[in-house]
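Participant: Mind looking over this structure? Questions follow.
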Amino acid sequence: MSGRIPQAFIDEVIARSDIVDVVGSRVQLKKAGREYKACCPFHSEKTPSFWVSPDKQFYHCFGCGAHGTAIGFLMQFEKLEFPDAVAMLAERAGLEVPREAGPVAGGGDLYELLSRAALFYQQCLRDDARARAYLAGRGITDAAASDFALGYAPDSWNALLGRFGTSPEERRRLQQAGLIIERDTRGAERTAGFYDRFRDRVMFPIRDSRGRVIAFGGRIIDQGEPKYLNSPETPLFHKGRELYGLYEARRAQTEFQRLVVVEGYLDAVRLHQAGIRYAVATLGTATTQEHLHKIFRLTSEVVFSFDGDRAGRAAAWRALEAALPLAADGREIKFLFLPEGHDPDSLVAAEGAAGFEQCLQAALPLSEYLLRELGTGIDLDHIDGRAKLAARARPLFQRMPDGVYRELLTDRLAAEIRLPAEKLRSLLAAPAESGRRGAPTPPPDRGVRLRAGVSPGRGPLLRQAIALVLHHPAAAQRLDAVDRLERVDQAGVAVLRELIAQARSISAPTTAALLERWRDRPEYARLLELAAKAPLVAGAEAAASELSQAIEKLAVAQGAGRRVDELLEKARESDLNSEEKAELNALLRAKGRSGGQGPAPGGG
């Protein structure tokens with residue numbers, strides 16, 4: 001199979017799957033009214049706080065905050081990647097997973113083509129004494145080379161092309177897999193055609209969670225640039241999602257105390273060879289949140305191991321920035337800076353696994369590393385320096401989730417700048433000044449700020465409308481005035497419009513079916529949070545009525561907001577007459593009563 005799973009198939013898998021059956025086969029559920037409850041499988045507890053809703057096809061733990069769909073449950077419980085979780089549900093439902101990318105000419109698909117390329121490179125390594133000598137010189141044993149399926153791309157422009165690209169269709173598929181490059185024909189001296197992407201390089205196959213080759217990394221043997229060359233983005237490969245060595249680590253062990261993230265392919269191979277079977281490497285890119293989500297599905301502790309030089313420190317700081325939104329209670333994020341002149345490869349060669357693991361014990365927790373870096377170059381003996389430290393910390397602390405970890409870290413920072421912790425909390429939560437004295441201060445840019453009204457205790461109107469669609473998707477199918485939203489151009493309304501359209505396109509929509517359409521999008525986490533909250537109303541009929549009213553109010557508020565802008569613009573250019581002043585005051589009073597300054601998905 002290759003390519004993305006079609007959305008229509010995911011809809012069908014969700015429709016045919018019952019989350020109560022999926023969860024109940026792994027966790028002992030007890031009926032509680034219309035829902036089911038259990039002790040949470042994701043944290044230790046004695047009193048059940050884990051609930052499963054058959055109506056929404058959604059689970060939520062009020063203790064640890066875990067929540068999601070049947071697909072999400074399998075990903076978290078079974079430690080699966082998304083395609084594998086879909087495949088598991090599909091198998092339960094008697095379905096075969098299709099893919100949007102077609103087959104390779106002559107049979108097979110992209111996976112098969114990449115597998116054949118990997119075998120070709122392995123054979124070339126066996127036939128090339130110089131490449132074998134290079135690996136031996138780097139301390140790589142034959143057994144490790146075999147475990148990681150290492151290979152060699154010959155020093156030729158068409159070694160792979162000549163083997164697998166004899167027809168136009170085969171060349172097209174090789175190009176789609178990222179194995180060949182089309183020549184630049186803009187110059188008269190150029191000739192049309194293709195050439196091998198990888199030449200005279202040791203080849204590192206990159207494998208997905210099922211062990212299938214999805215891409216390659218190539219390391220040049222002699223001098224030259226770039227030192228490492230990766231496959232381009234393809235239908236199978238997205239480097240911001242993959243971790244080299246993760247398949248090999250999971251093949252070696254099923255439970256992890258920690259995972260260590262290193263920078264180079266050879267670092268990962270040498271560590272595995274030495275017995276550090278929990279090492280993975282990023283693929284020549286900065287650590288991403290997708291990397292971290294993948295790691296935290298397997299373990300609660302991650303250690304980033306970087307060289308102590310300038311490039312290593314820069315990479316560590318980028319990893320910290322990516323990790324901050326995921327620095328939740330119960331997770332440990334650490335940073336290891338190796339002794340000068342060493343990388344993981346050389347350190348484990350010199351001191352063995354025991355020496356490397358001893359260094360791991362000295363890794364800096366995120367909290368220590370963050371405060372150390374924030375305080376660099378600041379004199380904390382003076383008020384100016386302490387204020388500067390608080391200013392540096394504010395945007396980073398605002399990216400952290402609420403919880404005990406953030407509270408304790410705030411207490412520690414408060415001690416550093418000699419300010420009461422509660423006062424510091426309010427300062428860290430406050431946004432930067434608006435730049436205009438006396439102007440109202442907007443909230444942190446976490447979402448939409450609405451002009452429309454708010455029902456007391458329910459939150460902003462737009463958020464209410466989105467929650468109504470999430471909790472009662474069938475309500476969207478009963479709406480008459482959806483076109484009113486087309487004239488509302490404020491941020492976040494596009495999310496509401498799309499949710500309504502999606503709910504209308506599914507014959508029997510559920511909360512889970514809607515959420516799975518947003519899994520790879522920035523709004524997904526916020527929509528999950530809204531789905532986990534208690535419904536505003538009971539039943540699709542009541543929800544449809546509320547949703548219609550909300551849409552009408554949003555449309556009216558849009559018009560009122562435009563009128564306020566018109567009157568304010570006129571007031572800047574000339575005086576308003578008494579009627580216009582009265583109208584403006586009335587509109588501003590109404591706006592002040594409505595509030596509406598709250599977050600909703602899609603606004604920032």
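Participant: Within region 269-311, work out how many residues are over 23 Å from the mean Cα position of the chain (by Cα) and without any contact (Cβ under 8 Å) to a residue 60 or more places away in the chain.
Facilitator: So the count comes out to 6.
Participant: If a residue counts only when it is under 21 Å from GLU529 (Cα atoms), of a type outside the set (Val, Ile, Thr) and in contact (Cβ under 8 Å) with a residue 12 or more places away in the chain, which helices (runs of 4 or more DSSP H) contained entirely in region 19-97 have at least 2 such residues?
Facilitator: By residue number, 70-77.
Participant: Before we move on, is LEU514 within 22 Å of VAL86 (Cα to Cα), hydrophobic (A, V, I, L, M, F, W, C) and either free of Cβ contacts under 8 Å to residues at least 24 places away in the same chain or not assigned by TED's automatic domain parsing to the domain that holds ARG16 (or both)?
Facilitator: Values: within 22 Å of VAL86 (Cα to Cα): yes; hydrophobic (A, V, I, L, M, F, W, C): yes; either free of Cβ contacts under 8 Å to residues at least 24 places away in the same chain or not assigned by TED's automatic domain parsing to the domain that holds ARG16 (or both): yes.
Judged against the criteria, LEU514 is a match.
Participant: Pick from region 119-144 the residues that are among the hydroxyl-bearing types (Ser, Thr, Tyr) and either part of a helix (DSSP H, G or I) or in contact with a Leu (Cβ under 7 Å, 6 or more places away or on another chain) (or both): which of them is surrounded by the fewest Cβ atoms within 10 Å (Cβ to Cβ)?
Facilitator: TYR134
Participant: Here is a further query. Can you confirm whether PRO522 is closer than 30 Å to ASP11 by Cβ, modelled with pLDDT under 70, outside any helix (DSSP H, G or I) and in contact with a Pro (Cβ under 9 Å, 6 or more places away or on another chain)? Walk me through it before giving the result.
Facilitator: On the way: closer than 30 Å to ASP11 by Cβ: yes; modelled with pLDDT under 70: no; outside any helix (DSSP H, G or I): yes; in contact with a Pro (Cβ under 9 Å, 6 or more places away or on another chain): yes.
Considered against the rule, which asks whether it is closer than 30 Å to ASP11 by Cβ, modelled with pLDDT under 70, outside any helix (DSSP H, G or I) and in contact with a Pro (Cβ under 9 Å, 6 or more places away or on another chain), PRO522 comes out as no.
Participant: Still on this structure: Buried (at least 17 other Cβ atoms within 10 Å of the Cβ) and within 27 Å of ARG399 (Cβ to Cβ): does that describe ARG318?
Facilitator: The answer is no for ARG318.
Participant: Is it true that some residue in region 164-176 is in a loop (DSSP other than H, G, I, E, B), in contact (Cβ under 8 Å) with a residue 24 or more places away in the chain and in the same structural domain as TYR121 (by TED's automatic domain parsing)?
Facilitator: Looking through region 164-176, at least one residue is in a loop (DSSP other than H, G, I, E, B), in contact (Cβ under 8 Å) with a residue 24 or more places away in the chain and in the same structural domain as TYR121 (by TED's automatic domain parsing).
Participant: Quick test of your reading of the structure: ARG34 fulfils all but one of (1) over 25 Å from ILE506 (Cβ atoms); (2) out of contact with any strand residue (DSSP E or B) (no Cβ under 6 Å at 6 or more places or on another chain). Name the failing condition by number.
Facilitator: Here ARG34 clears every test but (1).
Participant: Another question about this same structure. GLN76 versus (1) at pLDDT 90 or above; (2) touching a strand residue (DSSP E or B) at 6+ places or on another chain (Cβ under 8 Å): which is the lone unmet condition?
Facilitator: It is condition (1) that GLN76 fails.
Participant: Give the residues of region 505-519 that are surrounded by fewer than 16 Cβ atoms within 10 Å (Cβ to Cβ) and in a helix (DSSP H, G or I), sorted by residue number.
Facilitator: Passing the criteria: only SER505.
Participant: Right, another one. Can you name the residue in region 368-409 that is more than 22 Å from GLY65 (Cα to Cα) and of a type in the set (Ser, Thr, Tyr) and is also modelled with the lowest pLDDT among such residues?
Facilitator: THR376
Participant: So is ILE333 of a type outside the set (Gly, Ala, Ser), farther than 20 Å from ASP309 by Cα and assigned by TED's automatic domain parsing to the domain that holds ASP267 or not?
Facilitator: Spelling it out, ILE333 is indeed of a type outside the set (Gly, Ala, Ser), farther than 20 Å from ASP309 by Cα and assigned by TED's automatic domain parsing to the domain that holds ASP267.
Participant: Note down all Cβ pairs under 9 Å where the first residue falls in region 219-234 and is loosely packed, with under 12 Cβ neighbours inside 10 Å, the second is at pLDDT 90 or above, and they're at least six residues apart or on different chains.
Facilitator: Listed by first residue and then by second, the contacts come to ASP222/TYR134; ASP222/ASP200; GLY224/ASP200; PRO226/ILE220.
Participant: Suppose the filter is in contact with a helix residue (DSSP H, G or I) (Cβ under 7 Å, 6 or more places away or on another chain) and under 17 Å from ALA415 (Cβ atoms); does ALA393 pass it?
Facilitator: Values: in contact with a helix residue (DSSP H, G or I) (Cβ under 7 Å, 6 or more places away or on another chain): yes; under 17 Å from ALA415 (Cβ atoms): yes.
Here the answer is yes, as ALA393 does meet what is asked.
Participant: Could you tell me which of the residues PHE237, PHE256, PHE216 is among the aromatic types (Phe, Trp, Tyr), over 25 Å from ARG331 (Cβ atoms) and over 20 Å from the mean Cα position of the chain (by Cα)? Lay out the reasoning, then the answer.
Facilitator: Values: PHE237 fails: over 20 Å from the mean Cα position of the chain (by Cα); PHE256 fails: over 25 Å from ARG331 (Cβ atoms).
Going through PHE237, PHE256, PHE216 in turn, the sole match is PHE216.
Participant: Look at GLU351 and say whether it is acidic (Asp, Glu), part of a helix (DSSP H, G or I), outside the structural domain of GLY65 (by TED's automatic domain parsing) and touching a residue at least 60 places away in the same chain (Cβ under 8 Å).
Facilitator: no
Participant: A further question follows. Quick one: which residue in GLU340, GLU422, GLU332, GLU416 is within 24 Å of GLU263 (Cβ to Cβ) and over 25 Å from the mean Cα position of the chain (by Cα)?
Facilitator: GLU340
Participant: Could I ask something else about it? What residue, among those in region 257-276 that are over 22 Å from ALA316 (Cα atoms) and out of contact with any Gly (no Cβ under 7 Å at 6 or more places or on another chain), is surrounded by the most Cβ atoms within 10 Å (Cβ to Cβ)?
Facilitator: That would be GLN273.
Yes/no per residue for (1) at pLDDT below 95; (2) in contact with a strand residue (DSSP E or B) (Cβ under 6 Å, 6 or more places away or on another chain):
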site	(1), (2)
ARG197	no, yes
VAL202	no, yes
ASP208	yes, yes
GLY211	yes, no
GLY217	no, yes
GLN223	yes, no
PRO226	yes, no
LEU229	yes, yes
PRO232	yes, no
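Participant: Return the pair list, or none, for Cβ contacts closer than 7 Å from residues in region 139-161 that are farther than 29 Å from VAL280 by Cβ to residues that are assigned to a loop (DSSP other than H, G, I, E, B) and at pLDDT 95 or above, at least 6 apart or on different chains.
Facilitator: Final answer for the pair search is ASP155/ARG199; ASP155/ASP200; SER156/ARG199; TRP157/ARG199.
The values are calculated or read from the model by the stated rules, or taken from the named source; none is laboratory data. Computed from a predicted model, the values in this text were never measured in an experiment. Note that each Cβ is placed from the backbone with ideal geometry, even for glycine, and that neighbours are counted across all protein chains shown.
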